[in-house]
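As structure tokens, the structure follows; a few thoughts come after it.
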Amino acid sequence: MLKSTHKVTAPPPLPEGWTEHKAPAGHTYYYNASLQKSTYTRPAAPPTPAAPPPIDPTQSFLQYQAVGNSNPSAGPNFNNFSPQGQFPGGGGRGGFQGRGRGGHDRPPRPQPTDKPKSRHPIPECEPWVLVHTKLGRRFVYNTEKDQSYWRIPDKLKDGILALDQLRIKEKAEAWAKEKEPVDSGEAPGATVRPPVAAPEPAQGNGGEVEDSSEYEEVEVTDDEDEDGNPSKRQKTEEQDPDAPVEFNEDDIAFQLAAMGQEYGLEPGEYDDGNMEEWEEGAEGLEITHEDSAALFKDLLNDFGINPYSPWEKLIEEGKLVDDIRYTALNTMKLRKEVWEEWSREKIKVLRELRAKEERRDPRIPYLAFLQRQANPKLYWPEFKRKYRKETEMKDTALADKDREKFYRDHINRLKLPQSTLKSDLLNLLKDQPTSVLNNATLSSHLPPSILADIKYISIEPTARDALVETYISTLPPPPESIPEEETEEGIKERKERERRQKALEDRERHVAEEKRRQKRNLEFGKGRLREEEQEIARAMNVTKKGLKDHLMGEEGADKTA
Amino acid sequence: MPAIRHASKRKAPPAGFSDIEDDLLIFSNKMKDAENAPTTNVPRHQVHWPIFQISHQRSRYVYELYYEKEAISKQLYEWLLKNGYADAMLIAKWKKTGYEKLCCLRCVQTKETNFNSTCICRVPKAQMKEDQNIECVSCGCRGCASSD
């Protein structure tokens with residue numbers, strides 16, 4: 001980082017009568033009790049020179065403005081002298097006034113002004129002089145051509161190196177004499193390199209950076225292209241100084257690709273963004289379109305979706321979205337197609353099933369209901385009114401007339417003696433063929449022909465069940481058993497389904513892994529960049545000191561010798 | 001909507017009605033909501049748009065069940081039409097080529113327009129200007145040409 005050239009010195013003592021105070025906001029102010037006056041400025045002494053605020057090197061474009069300022073000590077030409085001809089003195093770009101571009105309407109910050117401080121002729125390069133600024137930066141200036149560059153041209157490199165060595169020697173001598181800490185701002189080696197410069201090679205201007213790295217040692221300011229590509233430079237320097245390095249997707253992709261090559265990875269093993277290219281071989285398990293359609297159908301089956309419902313209802317409910325199988329198909333159009341196909345199939349299956357299963361007699365539930373609720377004390381209209389909300393009473397399959405008839409019959413039968421009812425029931429049971437009623441029949445699963453008979457419900461359920469059970473136990477076994485069918489098909493279907501499920505899970509796992517790997521790679525890349533940055537920073541620090549130490553050591557050796 | 005008759009006089013709907021009863025109920029609830037929604041802030045010509053829309057959706061639902069999925073019997077389909085669950089005239093248009101997606105009957109009534117033309121929503125998207133979004137005046141349709 002750039003260090004201020006300002007040396008903090010103890011302020012001169014206050015004149016008599018004045019006292020120093022701290023305001024609640026943190027300002028210091030001065031109060032004279034005798035005069036009853038207070039002031040922010042230090043009385044009877046030049047106001048404490050304001051230390052230039054520490055500037056961020058990433059804002060180094062500020063220097064241009066500063067260089068444009070006149071300073072008589074730097075020479076007569078400094079007024080209209082503008083490095084690279086792009087500066088406010090030249091009137092080329094108004095945008096340089098504030099924080100670079102006019103597009104940003106942030107209020108201008110208090111800016112440190114940088115001024116030329118001293119100039120040194122460069123030996124063996126006559127028209128050129130090296131100008132040091134107040135903030136410790138420097139540039140070269142051609143007095144004849146009236147040109148100046150922050151970036152030091154190659155031909156001046158040797159001269160400036162010599163000059164530097166000379167100055168370091170002087171410094172070292174002075175330091176040795178006075179045993180005083182050297183003002184680092186004065187040191188020519190106080191190289192200012194923004195950390196942004198380090199990661200920049202990744203962005204593709206590798207060529208310039210390479211050649212700039214040759215004379216990194218003499219380079220004092222940021223490496224900029226000789227001919228000045230202001231728009232580009234501005235862009236890079238306008239980045240928020242708080243955010244150290246900003247990555248865009250290109251950087252990441254580039255890095256990933258580079259790392260992939262480094263480790264000899266297949267493109268499929270890290271996610272390089274263009275999946276389509278490596279989808280075929282790189283990933284483990286394949287999901288064909290049929291599979292994904294079947295997965296979606298499984299999903300529809302599992303959620304018990306009504307095949308008769310409209311598609312819009314399905315979407316509005318949004319039950320399916322949370323399931324991963326929903327992603328098996330990637331467009332809504334495909335999903336709708338598959339849903340249509342599925343509902344068509346499903347409806348067909350349902351119809352077949354319904355046709356196959358024997359029609360459930362609507363009398364059975366009604367009769368069971370009668371047995372529970374019928375009461376000889378209630379007439380039919382009363383009964384109907386009392387239970388009009390029951391589903392058995394509302395069932396459209398049974399006519400109201402039939403219902404009434406059953407009710408009256410049942411009530412009449414309840415008045416008969418128990419023995420008649422029992423013999424009636426036994427007669428009913430005896431009438432059933434052995435294929436329907438045999439000793440394998442469970443008393444809870446009696447054939448519908450019995451359940452739908454009014455005789456069956458006339459007796460109390462407990463007494464009736466015992467009677468039926470004893471009768472069934474006396475019956476012969478069923479004539480022949482029907483072998484179980486369709487098991488093979490069922491097993492096959494289940495296996496197929498499991499396979500599809502597994503394929504989808506595999507895919508999900510793969511995706512998760514890819515994500516993880518990408519994240520890790522990114523972290524790794526960032527870490528490496530950080531490390532590099534630190535390394536560079538360290539290297540910059542060391543070179544200066546090392547050179548100094550080296551020179552001093554030489555001198556010491558000379559002296560002893 | 002079907003006329004409401006007393007339960008004792010009501011004839012049971014044909015078999016299969018119980019399958020679609022819930023969905024039809026949803027549609028009729030939606031329709032009730034749309035009918036009762038306040039129209040104070042709605043432009044005059046847009047007031048009936050939701051009604052048209054729900055009616056279209058319900059007719060489409062019945063049409064697809066019968067003609068495309070073959071999920072309901074002919075008896076049930078006719079019963080539905082008779083009881084006003086679907087618009088028979090609109091469905092009759094959907095069976096003709098070029099009218100497969102027709103939004104409402106008003107949009108093909110050429111006699112009602114100034115230049116004896118159909119509604120703008122009948123114009124295929126391909127013949128419209130780029131990014132021209134329309135909502136037709138009669139039912140708010142955004143385009144119902146068969147080629148869309």
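The table for this structure:
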| quantity | calculated |
| --- | --- |
| Student exercise, the range A:440-511 dipole from Lys, Arg, Asp, Glu Cβ charges, in Debye to nearest 20 | 360 debye |
| Candidate lysines - alpha carbon under 20 Å from A:Lys394, same-chain residues fewer than 8 apart omitted | A:Lys384, A:Lys386, A:Lys405, B:Lys9, B:Lys11 |
| Karplus 3J(HN,Hα) series, Hz, for the range A:431-439 with 6.51 cos²θ - 1.76 cosθ + 1.60 (x for Gly, Pro) | 5, 6, x, 5, 5, 8, 10, 8, 6 |
| Residues with amide H under 5 Å from that of A:Gly17, placed H, sequence gap 5 or more | none |
| Qualifying GluC sites (Glu not before Pro) in the range A:347-410, DSSP loop, other Cβ atoms within 10 Å at most 11 | A:Glu357, A:Glu358 |
| Reachable lysines from A:Lys171, criterion Cα separation under 19 angstrom, eight or more residues apart if same chain | A:Lys3, A:Lys7, A:Lys117, A:Lys134, A:Lys179, A:Lys544, A:Lys545, A:Lys548, A:Lys559 |
| Listed pairs A:Lys346/A:Lys502; A:Lys356/B:Lys95; A:Lys333/A:Lys356 exceeding 26 Å between Cα atoms | A:Lys356/B:Lys95; A:Lys333/A:Lys356 |
| HN-Hα J in Hz across the range B:98-107 - Karplus 6.51, -1.76, 1.60, θ = phi - 60°, x for Gly and Pro | x, 10, 4, 10, 3, 7, 7, 6, 5, 6 |
| Stokes-Einstein D for the range B:5-148, Kirkwood Rh over Cα pairs, 20 °C, 1.002 mPa s (µm²/s) | 126 µm²/s |
| Structure-based [θ]222 nm, chain B - -39500 (n - 2.57) summed over DSSP H runs of at least 4, per residue, nearest 500 | -11000 deg cm²/dmol |
| Cα shape, the range B:22-93, gyration tensor, a/c 1.5 rule | prolate |
| Diffusion constant of the range A:316-437 at 20 °C, which comes from Stokes-Einstein with the Kirkwood Cα-pair radius and 1.002 mPa s, µm²/s | 110 µm²/s |
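Only the coordinates and a few stated rules stand behind these numbers; no lab work does. Computed from a prediction, not measured in an experiment: that's the story for all the values here. Cβ: placed from backbone, ideal geometry, glycine included. Neighbour counts: every protein chain shown.
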